[in-house]
1. For region 82-102, give me each residue that is in contact with a Lys or Arg (Cβ under 6 Å, 6 or more places away or on another chain) and either assigned to a strand (DSSP E or B) or surrounded by 15 or more Cβ atoms within 10 Å (Cβ to Cβ) (or both).
2. Here's a check for you: in region 103-127, which residue that is closer than 17 Å to Arg69 by Cβ and charged (D, E, K, R) is most open to solvent (accessible area, probe 1.4 Å)?
3. Residues Asp58, Asp65, Asp46: which one is more than 17 Å from Val113 (Cβ to Cβ), in contact with a helix residue (DSSP H, G or I) (Cβ under 8 Å, 6 or more places away or on another chain) and acidic (Asp, Glu)?
4. What are the residues in region 15-36 that are over 17 Å from Val97 (Cα atoms) and open to solvent by less than 60 Å² (accessible area, probe 1.4 Å), if any?
5. List pairs: first residue in region 84-112 and over 15 Å from Lys127 (Cα atoms) and modelled with pLDDT of 95 or more, second residue among the hydroxyl-bearing types (Ser, Thr, Tyr) and open to solvent by 60 Å² or more (accessible area, probe 1.4 Å) anywhere in the structure, Cβ distance under 9 angstrom, at least six positions apart or on different chains.
6. Here is a check on your reading of the model: is Glu59 loosely packed, with under 13 Cβ neighbours inside 10 Å and at pLDDT below 95?
7. On the given criteria, is Ala72 within 20 Å of Ala16 (Cβ to Cβ) and either open to solvent by less than 30 Å² (accessible area, probe 1.4 Å) or in contact with a helix residue (DSSP H, G or I) (Cβ under 9 Å, 6 or more places away or on another chain) (or both)?
8. Need the failing condition index for Met79 against (1) under 16 Å from Cys118 (Cα atoms); (2) open to solvent by less than 70 Å² (accessible area, probe 1.4 Å); (3) of a type outside the set (Asp, Glu); (4) in a strand (DSSP E or B), just the number.
Amino acid sequence: MNIIVNSVFVTDQAKALSFYTEKLGFVKKEDEPLGKHRWLTLVSPDDQGGTELLLEPDEHPAAKDYQKRIFAEGIPATMFGVGDIHEEYKQLLEKGVEFTMAPTKVGAVTIAVLDDTCGNLIQIIQK
């Protein structure tokens, strides 16, 4: 069994697509109309056949509540791995990305947390 798609709820798919591609560097893989929304997935530029990230509308009340509550508690919606967290942090700051936590050593890993501008905190991690 493999993980093929994981989703993150977003307040605005178009805004999320812009942020995740222009700021974070992901590549759009699928973009299909689905009612008033889209089946919109992204992949890592380094593994375009790998796990897809679905930018899923937070329109359902349960999704919206979940998203707001974990954001308010400072809980990241998902985590992305990076090779050099300090360099990634610097580059993202230069692109205007806002962080709620600068790179911080936590045991054997270093983490940082950013705001995706679409209702989520995203953790980046260097193992």
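1. Filtering region 82-102 for residues in contact with a Lys or Arg (Cβ under 6 Å, 6 or more places away or on another chain) gives 95, 97.
Across region 82-102, the qualifying residue is only Val97.
2. Applying the filter and picking the extreme gives Asp115.
3. On the way: Asp65 fails: in contact with a helix residue (DSSP H, G or I) (Cβ under 8 Å, 6 or more places away or on another chain); Asp46 fails: in contact with a helix residue (DSSP H, G or I) (Cβ under 8 Å, 6 or more places away or on another chain).
The conditions single out Asp58.
4. The first filter runs over region 15-36 and keeps only residues over 17 Å from Val97 (Cα atoms), leaving 27-36.
Of everything in region 15-36, those that are over 17 Å from Val97 (Cα atoms) and open to solvent by less than 60 Å² (accessible area, probe 1.4 Å) turn out to be Val27, Asp31.
5. Close Cβ pairs (under 9 Å, with a partner that is among the hydroxyl-bearing types (Ser, Thr, Tyr) and open to solvent by 60 Å² or more (accessible area, probe 1.4 Å)) amount to Val97/Thr117; Glu98/Thr117.
6. Working: loosely packed, with under 13 Cβ neighbours inside 10 Å: yes; at pLDDT below 95: yes.
Judged against the criteria, Glu59 is a match.
7. Values: within 20 Å of Ala16 (Cβ to Cβ): yes; either open to solvent by less than 30 Å² (accessible area, probe 1.4 Å) or in contact with a helix residue (DSSP H, G or I) (Cβ under 9 Å, 6 or more places away or on another chain) (or both): no.
Taking the combined requirement at face value, the residue does not satisfy it.
8. If we test Met79 against (1) under 16 Å from Cys118 (Cα atoms); (2) open to solvent by less than 70 Å² (accessible area, probe 1.4 Å); (3) of a type outside the set (Asp, Glu); (4) in a strand (DSSP E or B), just (2) comes out false.
The values are calculated or read from the model by the stated rules, or taken from the named source; none is laboratory data. Just so it is clear, the structure is predicted and the values come from calculations on it, not from any experiment. Neighbour counts run over all protein chains shown; Cβ positions are idealised from the backbone, glycine included. In case anyone asks, the SASA skips ligands and DNA or RNA and just uses the protein heavy atoms, side chains included. Shrake-Rupley method; radii C 1.70, N 1.55, O 1.52, S 1.80 Å.
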